[in-house]
Each structure stands twice: as structure tokens, then as C-alpha cells.
Amino acid sequence: MSEDYERGSSNQIDTEDKQRIELPKQYKVILHNDDYTPMEFVVEVLIEVFKKDELAATNIMLNVHNLGQGVCGIYSYEIAETKVARVHDLAQQYEYPLKASMEAE
Ligand code: TYC
């Protein structure tokens, strides 16, 4: 049995035959507020990158605007990393300071 297989006590479920199965870690992608990025642009990013509908995207954007930051989705490490990079690519393309980050669940 590998060391990895036994490491940690979280993210595990007991199957019927008592094997312990590691679930892959999940990561929250967090969007950060700033004073310059237009609200409409943030909504477009949430629709395009995070596949939200207009209502959900608007709610997340307003939540970030009012509270300073907010979760826009939960993904595997690679997917979360790609989405953060896409946000930063789009922001850079339009010269807005919009920032995203990721955090282990
Ligand atoms: N605070 C921005 C404004 O008033 C809007 C905004 C919302 C910016 C969410 C970034 O992640 C963000 N134009």
C-alpha cells in the first residue's frame, strides 16, 4: 500500500469492504473586488469562464462587490488553476485589475 494511499484522514469515505478511498482535493476559485473593473465585465467573465447564467453571474458579482471577495466555483486543482489564468488573461487583455485566486476546500 503506498504512503499516499494512507495519508490524511479527511476526504475519505468508508466503502463496504472497509477500504479507505482518497477523494481528489477540491479548490475554491475566489474572485476579488477592485474599484476599476466594470460590473458588466465581471458578469461576462463569470458567464464565459465559470459557465454561470446571467442571474447567477450578477449575484456573484454583486456579492464580491459588496463583501470584497466571493467563491465562483469549486474544481480540481488543474481546472481551478486554468480558470484563474483565464480570468487574468481576460483582465490583462482589457487592462482591468480583476484578480482571482484559489484555495483548498
Ligand atoms: N467594484 C467594481 C465596480 O464598482 C465591480 C467589481 C465587482 C469588480 C466584482 C471586481 O470581482 C469584482 N465597478
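The values are calculated or read from the model by the stated rules, or taken from the named source; none is laboratory data. As the structure is a prediction and not an experimental result, all values here were calculated from the model. Neighbour counts are summed over all protein chains in view; Cβ atoms, including those assigned to glycine, are modelled from backbone coordinates with ideal geometry. What goes into the accessible areas is simple: the full protein's heavy atoms, side chains included, and nothing from ligands, DNA or RNA. Shrake-Rupley method; radii C 1.70, N 1.55, O 1.52, S 1.80 Å.
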Carbon and sulfur %, accessible surface of region 35-105 computed with the full protein complex present, 1.4 Å
51
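What FRET efficiency, computed as 1/(1 + (r/R0)^6) with R0 = 41 Å and r the Cβ-Cβ distance, is obtained for His88 and Arg20, rounded to the nearest 0.05?
0.65
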Compute the distance in nm between two label points, each set 7 Å from the Cα along the Cα-to-Cβ direction, one at Glu81 and one at Ala56.
2.5
Dipole in debye (nearest 20) - region 35-105, about Cα centre, beta carbon charges: Lys, Arg +1; Asp, Glu -1:
80
Would you please put 29-36, 87-94 in order of how densely packed they are, using the mean number of other Cβ atoms within 10 angstrom per residue and starting with the highest?
29-36, 87-94
